[in-house]
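> Pasting a structure below so you can have a look.
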Amino acid sequence: MNNIEVIMNICDRRSAIKFYDSPVPDEIQDNLFEFLSSVPDHKSLRPWRFVVIDVSSYDDICARYRKLAGIQCDLPSISIDMLNRKLRRSPLIVIAILSPDMNKKVSYQDQIISAGIAAYTVSISAMTLGLGCFWSTGILTKSKILKNIINLDSGEEIIGFLNIGFPMLLSERDRNIKINDFVEYFSLTTESCYGEEI
Ligand SMILES: Cc1cc2nc3c(=O)[nH]c(=O)nc-3n(C[C@H](O)[C@H](O)[C@H](O)COP(=O)(O)O)c2cc1C
């Protein structure tokens, strides 16, 4: 793929909403994370990490969830079915984690933004590798049991479930945007400035 094709790929990004069952080869899985050095990152804290779960572990994870749910309580609205559905949407799931370091004078907001861009970079990398990605969150991001299973530290948060696989169907969201709806070219003569006390 040449540079122009890569840029077109980014501009054309679509979420995959259905995936083929065929597994993602190991060597392609590694490539998903190779572009993360491009992520803007205040003080190089790398406030993200990823847990990669392959279809071969789905049964084990669900069994572990069921076992722990018998011992400890999760949020009442979280069920094993919910977890099972989330996993089985694709043959691979990458859990994107915000892993902040609050000792380095970098705001929490800056760190969330970097971690979000890191997750986006993985989704773009997936597309560039011929894969599809669907980013979801929801109540499962708060599951104490799931956090326990994937070894989250107390300050860490799940910021996305990235379902990844060979795409069967892409989303068809309307991409017509009007730039003026969200970009304003500032000028000191803007009327709203007059008469305001500063
Ligand atoms: C942080 C984040 C969380 C999201 N969570 C969900 C979700 O829980 N459920 C969902 O259907 N879509 C969710 N989405 C939206 C989809 O990933 C996707 O962007 C949307 O369906 C539009 O498709 P497109 O990416 O092709 O524009 C989320 C997106 C982001 C960035």
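The values are calculated or read from the model by the stated rules, or taken from the named source; none is laboratory data. Everything numeric here is computed off the predicted structure, so don't read it as measured data. Cβ sites come from the backbone with ideal geometry, for glycine too, and all protein chains shown count toward neighbours.
> Just give me the residues in segment 172-191 being more than 16 Å from the ligand (Cβ to nearest atom), assigned to a loop (DSSP other than H, G, I, E, B) and of a type in the set (A, V, I, L, M, F, W, C), in sequence order.
Across segment 172-191, the qualifying residues are 183, 186, 188.
> Same structure again: Name, by its number, the condition in (1) in contact (Cβ under 8 Å) with a residue 24 or more places away in the chain; (2) of a type in the set (D, E, K, R); (3) surrounded by 12 or more Cβ atoms within 10 Å (Cβ to Cβ) that does not hold for residue 147.
(1)
> Kindly provide the set of residues from segment 68-113 that are of a type in the set (D, E, K, R) and either exposed (fewer than 12 other Cβ atoms within 10 Å of the Cβ) or touching a Ser or Thr at 6+ places or on another chain (Cβ under 6 Å) (or both), ordered by number.
Within segment 68-113, 74, 81, 85, 105 meet the criteria.
> What pairs come out if I take residues in segment 152-178 that are more than 27 Å from residue 112 (Cα to Cα) and pair them with residues that are aliphatic (A, V, I, L, M) and surrounded by fewer than 20 Cβ atoms within 10 Å (Cβ to Cβ) whose C-beta lies under 6 Å away, six or more apart or interchain?
Final answer for the pair search is 169/17.
> Which condition number in (1) touching a Lys or Arg at 6+ places or on another chain (Cβ under 7 Å); (2) modelled with pLDDT under 95; (3) assigned to a loop (DSSP other than H, G, I, E, B) is the one that residue 197 fails?
Failed condition: (1).
> Taking the condition of being surrounded by 14 or more Cβ atoms within 10 Å (Cβ to Cβ) and basic (Lys, Arg), how many residues in segment 19-57 meet it?
Residues meeting the conditions: 2.
> In addition: In segment 1-56, what residues are hydroxyl-bearing (Ser, Thr, Tyr) and either assigned to a strand (DSSP E or B) or more than 16 Å from the ligand (Cβ to nearest atom) (or both)?
Correct list: 20, 22, 37, 38, 44, 56.
> Quick one: which helices (runs of 4 or more DSSP H) sit completely within segment 79-171 and have at least 1 residues that are within 13 Å of the ligand (Cβ to nearest atom)?
Counting at least 1 such residues, we get 80-88, 108-128.
> Out of all the residues in segment 68-100, which are closer than 30 Å to residue 22 by Cβ and without any contact (Cβ under 8 Å) to a residue 24 or more places away in the chain?
Matches in segment 68-100: 79, 80, 81, 85.
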